[in-house]
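Just below is one structure, and these are the notes that go with it.
The values are calculated or read from the model by the stated rules, or taken from the named source; none is laboratory data. What you see is a predicted model, and the numbers here were worked out from it, not measured in a lab. Every residue, glycine among them, receives a Cβ derived from its backbone with ideal geometry; neighbour counts consider all protein chains shown.
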Number of protein chains: 2
Amino acid sequence: MKISKPTLLIDEQKCKANIERMLQKVESNGLKFRPHFKTHQSKLIGEWFKERGVEAITVSSLGMAKYFEEAGWSEITVAFPLNVLQFDEINELAAKVKLNLLVDNIEAINALEKQLAHHVFVYIEIDTGAGRTGVRFDDTDVVKEIAKAINKSGKLSLKGVYSHAGHSYNAQSKEDIHTIFSLTKKRIIEVKERINDLSPDLEICIGDTPTCSVGEDFTGINAISPGNFVFYDLMQVFIGSCVSSDIAVAMVCPVVSKNVHTSEVCIYGGAVHFSKDSENWEGKDIFGMVVRQERSGWGIPDNGAYVKSLSQEHGIVKLEKEEFDAVDIGDVLTVLPIHSCLTAEAMGYYMTPGGDFVDHYAQKNRDLPG
Amino acid sequence: MKISKPTLLIDEQKCKANIERMLQKVESNGLKFRPHFKTHQSKLIGEWFKERGVEAITVSSLGMAKYFEEAGWSEITVAFPLNVLQFDEINELAAKVKLNLLVDNIEAINALEKQLAHHVFVYIEIDTGAGRTGVRFDDTDVVKEIAKAINKSGKLSLKGVYSHAGHSYNAQSKEDIHTIFSLTKKRIIEVKERINDLSPDLEICIGDTPTCSVGEDFTGINAISPGNFVFYDLMQVFIGSCVSSDIAVAMVCPVVSKNVHTSEVCIYGGAVHFSKDSENWEGKDIFGMVVRQERSGWGIPDNGAYVKSLSQEHGIVKLEKEEFDAVDIGDVLTVLPIHSCLTAEAMGYYMTPGGDFVDHYAQKNRDLPG
């Protein structure tokens, strides 16, 4: 395939290996698998899960739910606090699929009771320490109030409790992840036990890539919904969730300028392509790492070449002098992204090394290949 | 207009006032105006420039150039180092418009000479201190080598020297901006003088919003190509380029969750909507500031409410206790963006407060209004 502009390549083999590894964990722990599709947002990649027997998925918006409903998925969890302004979309979906919604406040239950046209399932979202959304694990009265309101409603079934331990993204080692994993399990299991008399047999679902990748003992947990693991990225390498050879997507970008004074090259590939997440690496904020592109796929970072900065369309890559001298204007560099979810969203599609187009929900009307 | 999901509003009056102010500066200094359209990327907003007599524009990619060629623009500068892998696109454009390209290396000239099918104009890009791209201002031999190669070619005309003083984005006061402006002018004027014997009558074009907004004396400069000024944003307020009442775009986002322990609310509006630029404000990295939405438009930040963090679809807004108590689930908050160029790109369209759709080159196939 001839690459002439920033292109997001997907390595199908690495991606399927990542899925396989998580499936093994799911099976060996007797878990229900609800993979989060917000990372890949692709009908084709969704098929790779379906082929392996996955039946229920998780998404982060109603629009994304509709995209996957169209692809034939029949059980969808929208893992985002219910937006009471979108009942048109909610009712359209609830008519077609088994819809699981997340709620963390009584106002949302009241709105469902008033505006819902079809039956839905509800998870109570629990904040087990991330502090982003969810009823705090120790706010027992609020959890009970919501559970009772759901049980009173003829349109709603309480499905379980759900928690995203997003603070695991601040981990810097496997040990950090294990600590967060233990506390997350303990807290959400306690919440379930406290409302057991109101609703027995509730499902506990947790979902974040670090704890699901590194955690081993899922006793007491019923379902998991990680997303990023399908691709992984440098952030997950730094956290300790994976190794860099697991990363299943990479940007390929043309070299357009060389700065002999700094041994830096400018690539066509900026914030509109990578998005703008950075990670601290050896004391520097970096936006990606360069890897060697081989015929069989890309390697792992081995020469310390990294993306130093991103502006709208420009990326500045810092190279060792020897590497700099070996790069020519018109070459392409392969770059592992910091945060694959946001890079995929910014790009809006993938290409296989063989030149096949892979869909993404955020596909743009511009900059398509060819 | 009923807003039910993250929506980027545009205030036409503020936008036109920003255009008008820059036009006055252009006229009073006898400059050629080559506004950079990478910020708005909109055919409709382009018309607002055309109505005021603007004839030449600047863009940051060949795809964007094509988008505006289709809208009738006939002189287009692509202010990005020539990508020698895109001659299909270059030749298609060069057949249709007066095309000005930027070059900072001899390899690009050689590629033009070999693969160009139509005549184009060339600016030599000069690095006057930003260190991103361009021949460094004191690399006189390289500038001369490129100028000579252009002059030898029958397909190329040397148009001038171009510099983007992007380091003005690190300014923290008007004084900083003035310092950068003075040095930029001095350095690029010297470059022009050094090749005056090779090519007289070259144009000097500079383009960055801070220096073009704050600078007053443009003696020696022939043309300017700022872009961000059309909307401005919080980054430009912090730099000192504008005041917050100049900001012409704002995100409107539904409130989906309230955290009584922290006085924070979660809005539907995350990194996929705002992009991910942050700025330091009062010792904190922030991702946006909340303003009051009035019938006549939005106000300026007055209560210190700010976006504390962004994940993929979630935004966390920190409020004072009193403001927190006044916000309900299902309300919408209006948020000024940190970096309007990237927010507009991430959103892919605008809405007027009256509910009219405004196009953007990055329009997605999803999440359109209605």
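Quick notes on this structure:
- Residue within segment A:23-31 that is closer than 21 Å to A:Tyr123 by Cβ, of a type in the set (A, V, I, L, M) and outside any helix (DSSP H, G or I) present: yes
- Test: residue in segment A:85-99 that is within 20 Å of the chain's Cα centre (by Cα) and either touching a residue at least 12 places away in the same chain (Cβ under 8 Å) or not assigned by TED's automatic domain parsing to the domain that holds A:Ser157 (or both): yes
- Being under 21 Å from A:Gly30 (Cβ atoms), modelled with pLDDT of 95 or more, over 23 Å from the mean Cα position of the chain (by Cα) and β-branched (Val, Ile, Thr) is a property that does not hold for A:Ile195.
- Scoring A:Gln41 on the criteria (1) touching a residue at least 60 places away in the same chain (Cβ under 8 Å); (2) part of a helix (DSSP H, G or I); (3) crowded, with 22+ Cβ neighbours inside 10 Å leaves a single failure, condition (2).
- Hits in segment B:125-162 (condition: touching a Gly at 6+ places or on another chain (Cβ under 8 Å) and not in a loop (DSSP other than H, G, I, E, B)): B:Glu125, B:Ile126, B:Asp127, B:Tyr162
- Some residue of segment B:198-217 being surrounded by fewer than 24 Cβ atoms within 10 Å (Cβ to Cβ) and closer than 30 Å to A:Ser60 by Cβ: no
- The condition of being at negative phi and crowded, with 18+ Cβ neighbours inside 10 Å holds for only one of B:Ser296, B:Ser244, B:Ser263, that being B:Ser244.
- The set of residues from segment B:326-370 being more than 14 Å from chain A (Cβ to nearest Cβ), over 15 Å from B:Arg292 (Cβ atoms) and either surrounded by fewer than 18 Cβ atoms within 10 Å (Cβ to Cβ) or of a type in the set (Ser, Thr, Tyr) (or both) comprises B:Tyr350, B:Thr352, B:Gly354, B:Gly355, B:Asp356.
- For segment B:68-95, residues that are of a type in the set (Ser, Thr, Tyr) and closer than 15 Å to B:Gly227 by Cβ total 1.
- Qualifying positions in segment B:234-266 - away from chain A (no Cβ under 14 Å) and in a helix (DSSP H, G or I): B:Leu234, B:Gln236, B:Val237, B:Phe238, B:Ile239, B:Ser244, B:Ser245, B:Asp246
- Search result, residues across segment B:355-370 that are within 25 Å of the chain's Cα centre (by Cα) and either free of Cβ contacts under 8 Å to residues at least 40 places away in the same chain or closer than 19 Å to B:Trp298 by Cα (or both): B:Gly355, B:Asp356, B:Phe357, B:Val358, B:Gln363, B:Lys364, B:Asn365, B:Arg366, B:Leu368
- Among the residues of segment B:323-345, just one is among the acidic types (Asp, Glu), within 30 Å of B:Val230 (Cα to Cα) and not in a loop (DSSP other than H, G, I, E, B), namely B:Glu345.
- Subset of segment B:70-84 [surrounded by 21 or more Cβ atoms within 10 Å (Cβ to Cβ) and either more than 8 Å from every other protein chain (Cβ to nearest Cβ) or not polar (S, T, N, Q) (or both)]: B:Trp73, B:Ile76, B:Thr77, B:Val78, B:Ala79, B:Phe80, B:Pro81, B:Leu82, B:Val84
- Within segment B:47-63, restricting attention to residues that are in contact with a Phe, Trp or Tyr (Cβ under 6 Å, 6 or more places away or on another chain) and outside any strand (DSSP E or B), the residue that is farthest from the other protein chains (Cβ to nearest Cβ) is B:Val54.
- Per-region count, segment A:269-285, residues more than 15 Å from A:Ala250 (Cβ to Cβ) and either within 14 Å of chain B (Cβ to nearest Cβ) or in a strand (DSSP E or B) (or both): 11
- In a residue-by-residue description of segment B:207-217, the property of being among the charged types (D, E, K, R), closer than 29 Å to B:Asp325 by Cα and within 14 Å of another protein chain (Cβ to nearest Cβ) applies to no position.
- Meets criteria (closer than 22 Å to A:Asn91 by Cβ, buried (at least 17 other Cβ atoms within 10 Å of the Cβ) and modelled with pLDDT of 95 or more) for A:Thr7: no
- Residues satisfying the criterion are absent from segment A:100-116 (criterion: assigned by TED's automatic domain parsing to the domain that holds A:Arg187, out of contact with any strand residue (DSSP E or B) (no Cβ under 8 Å at 6 or more places or on another chain) and assigned to a loop (DSSP other than H, G, I, E, B)).
- Hey, A:Val59 within 13 Å of A:Ser225 (Cα to Cα) and crowded, with 18+ Cβ neighbours inside 10 Å or not: yes
- On the stretch given as segment A:298-319, residues that are at pLDDT 95 or above and more than 14 Å from chain B (Cβ to nearest Cβ) total 3.
- Residue ID - nearest to B:Val265 (Cα to Cα), chosen from residues in segment B:323-339 that are in contact (Cβ under 8 Å) with a residue 12 or more places away in the chain and of a type outside the set (A, V, I, L, M): B:Phe324
- Output for segment B:85-117, where each listed residue is over 28 Å from A:Met1 (Cβ atoms), away from every other protein chain (no Cβ under 14 Å) and out of contact with any Lys or Arg (no Cβ under 8 Å at 6 or more places or on another chain): B:Val97, B:Lys98
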